[in-house]
Amino acid sequence: MVESVTLNVEGMSCQHCVKAVESNVKELGGVNDVRVHLEQGTVDVDFQAAYVSLDQIRETIEDQGYTVK
């Protein structure tokens with residue numbers, strides 16, 4: 001079952017931030033799609049909860065230096 005979530009992420013300010021978040025989250029097994037909305041400060045993630053948890057997704061974003069609210 002695919003779940004969709006929108007995370008509020010602070011600290012993203014440029015295309016480098018977009019690439020860092022998207023590429024690292026996409027590497028997680030079970031993530032189907034990642035879309036960063038820089039202007040809104042949000043990240044949409046479609047994932048399969050059987051393979052990856054929301055906590056793992058949050059940790060991956062925070063490991064890139066951003067804050068997930």
Summing +1 for each Lys or Arg and -1 for each Asp or Glu, what net charge is found among the other residues whose Cβ lies under 14 Å from the Cβ of Ser23?
-1
With θ set to phi - 60°, apply the Karplus curve 6.51 cos²θ - 1.76 cosθ + 1.60 along the range 63-69 and write out the HN-Hα couplings as whole Hz, x wherever there is a Gly or Pro.
5, 7, x, 10, 10, 9, 8
Between the modelled labels at Asn24 and Ala50 (7 Å from Cα along Cα→Cβ) the distance in nm is 2.9
Give the dimensionless ratio obtained when the Cα radius of gyration of the chain is divided by 2.2 N^0.38 Å.
0.98
For the pair His37/Asp63, report the inter-label distance in nm, with labels modelled 7 Å from Cα in the Cβ direction.
2.6
Summing -39500 (n - 2.57) over every DSSP H run of at least 4 residues in the chain and dividing by its residue count gives a helix-only mean residue ellipticity at 222 nm, to the nearest 500 deg cm²/dmol, of -9500 deg cm²/dmol
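Where a number appears in this text, it was derived from the coordinates with a stated rule and is not lab data. This is a predicted model, so every value here is computed, not measured. For neighbour counting, all protein chains shown are included, and Cβ atoms are generated from backbone atoms with ideal geometry for every residue, glycine included.
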